[in-house]
Every structure is written in C-alpha cells, then in structure tokens.
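Everything on this sheet refers to the single structure shown next.
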Amino acid sequence: MSIARCTLAALTLAATLPASAATYGLVADWNGGPNPNGAWSFLSGSTLLPYWASMAPLSGSAGYAPSPNTGAFLPVFWQPGGSGTDIAVHSYDGFNGAGGSGEAVLSWTSPITGTIDLSGYFYYGQPSLQRSNDVTVMLGASTLLSTAVSFAQHQDYANRYSFALDDLAVTAGQTLSISFYRSAGYSPGTVTMMDITVVAEPVPEPATYALMLGGLALVGWLGRRRLI
C-alpha cells in the first residue's frame, strides 16, 4: 500500500469523525453585557431582563434585572463574589418587584441536535433570613427535577443540592429552563446560589455516517491489498 493511499485513508477517517462536544458553564460563561449572554438567557417570566452595570440595591454590583433601583429590581441575577464565583438569583416578590414582573427564569438554548449531560448545584444564599425558594428544572415541556432551597434545606454550599443527568436528547433550538420562585407560605423572595454545566454533543448527520463507513471500507480494502 503506497504512502499516498495511506494518507488518503487517514484523511478520510479524520474528516468523517463526529463533531466534538461543547461545554457551557454558567459561571465560566458569565461576562455581563447583552442578554442572552452566550447560550444563557436571564428572564422575568418570558421577558429578557436588561443588563445593568451598577445596581444600587446590590451595592453597585452588575447584573440582569427589570430596574437598577430599589423597589423595582426583582427578579435579579448577579455574581456577588466576583469573577469565577457562583451566580446568585433573587426570586420575584411584590416588595421590590416591578409590577409586571414574572418569576426568575434561567434558560439555555441548545445550538445542536444531539444529547446533553446536565449537572450543577443550588444552595441557599441568605443565611440570616428564614426564607425559601422552589427550583424547577425543565427541558422543553418535561420536568427533570424540582426541589426547595431554603434556610432549613440546602442551606449552604456544604449542604448544596447537587444533580447530574446524562444523555438527555435535545433538538436545535430546544430550551432548558430553570425557574426560581417563592415557596408557598413565604411572602418575600430570597436568594439561591448556583452553577450549571451543560455538555452538548451533536449527533452526526446521516451523510457523515456514510462517509465514515466509506473511509473504514477504504482502509480495509487497502489493508487487504497489502496482504495479497
């Protein structure tokens, strides 16, 4: 088998390998600015929240909220510990929420058709207050998990609620949504801390499979010719 043919076989196989997985990390991807922030979106109900470089109620921190002003800034997403630290979300309530605001929703929109591995954690972010949020994770219309995060349950990082769900089928444009809202019986909203990671792996197109099989057949034929 000539060097040229070996090279052709190697190139054929390399060109037909499936696309590699891509990783989306909420903390790693957080950089402020426009909403959506990459594949991540920050919403009040179904409305994208504007980004504010400085919010008075958060001592000048930047984040996504209906308003930067006390009395109308909930729900809000921000990074209180600075770069590389967990993301915080304060659920909506009527004390500091704009009149038309909906619940806090974090969403990730799949750029591919294939599968995703989903992992992350939640924990309570206001230990000095006795409050509670409910958290629900959905893929499209299907509920993946639901939990309460409160002063009594998952009350700090050491007792965080962790999860890992693998090989979830997705289609391009499908939405993963995570909702944060006051638990029943609680008037004020509260803070949940989190990080979320999505590893997305596309499914090769049928034509890619055909090329891959063709490449394997070519290598087998060339090997057989060498043995003869």
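What follows is calculated from the coordinates using simple rules that are stated; it is not laboratory data. Remember, predicted model here, so these are calculated numbers, not experimental data. Don't worry about glycine lacking a Cβ; one is built from the backbone with ideal geometry, like all the others, and counts go over all protein chains shown.
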Item to check | Distance between the stretch 154-191 and the stretch 127-149 - C-alpha centres, whole angstrom | outcome: 4
Next on the checklist: Between A21 and S142, what is the label-point separation in nm under the 7 Å Cα-to-beta-carbon projection?
Outcome noted: 1.8
Checklist entry - Working out 0.36 nm times the residue gap between D166 and A72, then minus their Cα-Cα distance, what length gain in nm do you get to one decimal? => result 30.0 nm
Checklist entry - Relative to the compact globular guide of 2.2 N^0.38 Å, what is the alpha carbon radius of gyration of the stretch 20-203, as a ratio? => result 0.98
Item to check | Inter-label distance for D117 and A152, nm, one decimal - labels placed 7 Å from Cα along Cα-to-Cβ | outcome: 3.7
